[in-house]
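Read through the structure below, which is laid out as structure tokens, and then see the notes.
The values are calculated or read from the model by the stated rules, or taken from the named source; none is laboratory data. It should be emphasised that the depicted structure is a prediction, and the values quoted were computed from it without experimental measurement. Note that each Cβ is placed from the backbone with ideal geometry, even for glycine, and that neighbours are counted across all protein chains shown. SASA here: full protein model, heavy atoms, side chains in, ligands and nucleic acids out. Shrake-Rupley method; radii C 1.70, N 1.55, O 1.52, S 1.80 Å.
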Amino acid sequence: QVQVVESGGGLVQPGGSLRLSCAASGSIFSIWAMGWYRQAPGKQRELVATIPSGGRTHYADSVKGRFTIPRDNNKNTVYLQMNSLKPEDTAVYYCNADVVEKRGLLPYDYWGQGTQVTVSS
């Protein structure tokens, strides 16, 4: 079993910053990509940023230049540093991890429970 747990959400004023954390634990041989997605009320879940185990990061156009997605492979942890936050960034943010549980197996998608981010004055 693998657990993916997010933390760090909350209420922040427009223009402010927030840092989300996501840690994967349990039966883990390796983790391929990790990423952040978000879902605003009445909207579909959308990709925010992803980072492979090695390689280039990818950002949604709406967050480029404002968000970064550093990763600590030793801790099986990924972060989302959010700067210059806007009201339209308000959403539940979900972490995703492509986890290989045993050598030779294909990765399986694991999701966290989500953490609420609200940008409002």
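For the range 1-27, the set of residues classified as surrounded by 15 or more Cβ atoms within 10 Å (Cβ to Cβ), in a strand (DSSP E or B) and of a type outside the set (A, V, I, L, M) consists of Glu6, Ser21, Cys22, listed by residue number.
Selection of the range 62-80 for residues being of a type in the set (Ser, Thr, Tyr) and in a loop (DSSP other than H, G, I, E, B) yields only Ser62.
When the test is whether a residue is more than 23 Å from Trp32 (Cα to Cα), among the hydrophobic types (A, V, I, L, M, F, W, C), open to solvent by less than 40 Å² (accessible area, probe 1.4 Å) and touching a Phe, Trp or Tyr at 6+ places or on another chain (Cβ under 6 Å), Val117 passes it.
Checking each residue in the range 28-56 for being open to solvent by less than 60 Å² (accessible area, probe 1.4 Å), farther than 19 Å from Gln116 by Cβ and not small (Gly, Ala, Ser) picks out Ile28, Ile31, Met34, Thr50, Ile51, Pro52. Scanning the range 83-107 for residues that are assigned to a strand (DSSP E or B) and hydroxyl-bearing (Ser, Thr, Tyr) returns Tyr93, Tyr94.
For the range 70-89, the tally of residues that are of a type outside the set (S, T, N, Q) and crowded, with 16+ Cβ neighbours inside 10 Å stands at 7. Note on the range 28-45: residues that are closer than 17 Å to Phe67 by Cβ and either assigned to a strand (DSSP E or B) or in contact with a Cys (Cβ under 7 Å, 6 or more places away or on another chain) (or both) total 7.
Taking the stated definitions as given, is Val92 farther than 14 Å from Thr50 by Cα and open to solvent by less than 20 Å² (accessible area, probe 1.4 Å)?
Working: farther than 14 Å from Thr50 by Cα: yes; open to solvent by less than 20 Å² (accessible area, probe 1.4 Å): no.
Judged against the criteria, Val92 is not a match.
Only one entry in Ser53, Ser25, Ser7, Ser30 is touching a Phe, Trp or Tyr at 6+ places or on another chain (Cβ under 6 Å) and within 30 Å of Leu106 (Cα to Cα), namely Ser53.
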